[in-house]
Amino acid sequence: MDDTNGSTQRLDEKIESEVKRLDEQMALRAEHAIQLSKAESSRLDAIRAVDISAVAVANDRAVASAAVLAAQVSSSAETLRTLVAATAQTVAQQLASVSTAINDRISALEKSQYSAAGKETGSKDVWGYILAGVMAIIALAAFIIPHLK
């Protein structure tokens with residue numbers, strides 16, 4: 001029985017040494033996994049820090065760009081307001097000038113038309129009065145001459 005007991009003891013020792021070796025490997029792997037996890041966490045934290053920094057820089061640039069654009073829009077709007085006001089004033093002056101010229105020409109045409117119409121009507125009226133006067137004299141003569149005899 002000693003042979004069996006000795007072989008069993010060797011097997012037990014071998015199993016124990018194998019278990020010990022496996023435990024050491026598992027401990028090393030667990031420690032290595034923890035180190036890898038910490039390294040990965042640090043890497044991700046560094047990436048996040050860079051991303052946060054990049055977002056902050058982009059935000060600052062966007063704010064600066066918005067301020068510049070706002071100033072440009074304000075300046076452009078003021079320039080356009082001034083230009084529109086100047087153009088409106090110029091157009092109003094031109095319109096007043098053209099309107100005055102047209103009104104003067106219309107007044108001259110109306111005056112000319114009234115003068116011509118007055119001359120024409122006046123001469124027709126005078127001839128009408130003369131003819132009426134002659135007719136009145138003839139009628140009066142026709143009435144008076146038979147009564148004179």
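Some observations on this one:
- Check: the chain dipole with +1 on Lys, Arg Cβ and -1 on Asp, Glu Cβ, in debye: 2220
- Hz values of 3J(HN,Hα) by residue in segment 73-89 - Karplus curve (6.51, -1.76, 1.60), Gly and Pro given as x: 5, 4, 5, 5, 5, 5, 4, 5, 4, 5, 5, 5, 5, 5, 5, 4, 5
- Max mean-square fluctuation residue, GNM over the chain, Cα-Cα springs under 10 Å, options A132, A64, A96: A132
- Most mobile listed residue (L11, L28, L95) in the chain, GNM with C-alpha springs under 10 Å: L11
- Were the residues from T90 through R43 laid out at 0.36 nm apart, the gain over their Cα-Cα distance would be 10.0 nm.
- Selection among S76, I34, S107 by position relative to the dipole of the chain gives S107 as farthest towards the positive end (Cβ unit charges, Cα centre).
- Between Q93, Q72, Q113, the GNM of the chain built on Cα springs shorter than 10 angstrom shows Q113 fluctuating the most.
- Dividing the convex hull volume of the alpha carbon atoms of the chain by its residue count gives 228 Å³ per residue.
- Computed from the alpha carbon atoms alone, the convex hull of segment 43-102 holds 46 Å³ per residue.
- Of every Cα-Cα pair in segment 13-65, the percent that sits beyond 13 Å: 72
- Rounded to the nearest 500, the 222 nm mean residue ellipticity of the chain from helices alone is -38500 deg cm²/dmol, with -39,500 (n - 2.57) taken per DSSP H run of at least 4 residues.
Read-outs throughout are calculated quantities, based only on the coordinates presented, and are distinct from any laboratory measurement. Just so we're clear, the structure is a prediction, and the values are computed from it rather than from any experiment. Cβ atoms come from the backbone with ideal geometry, glycine included; neighbour counts cover every protein chain shown.
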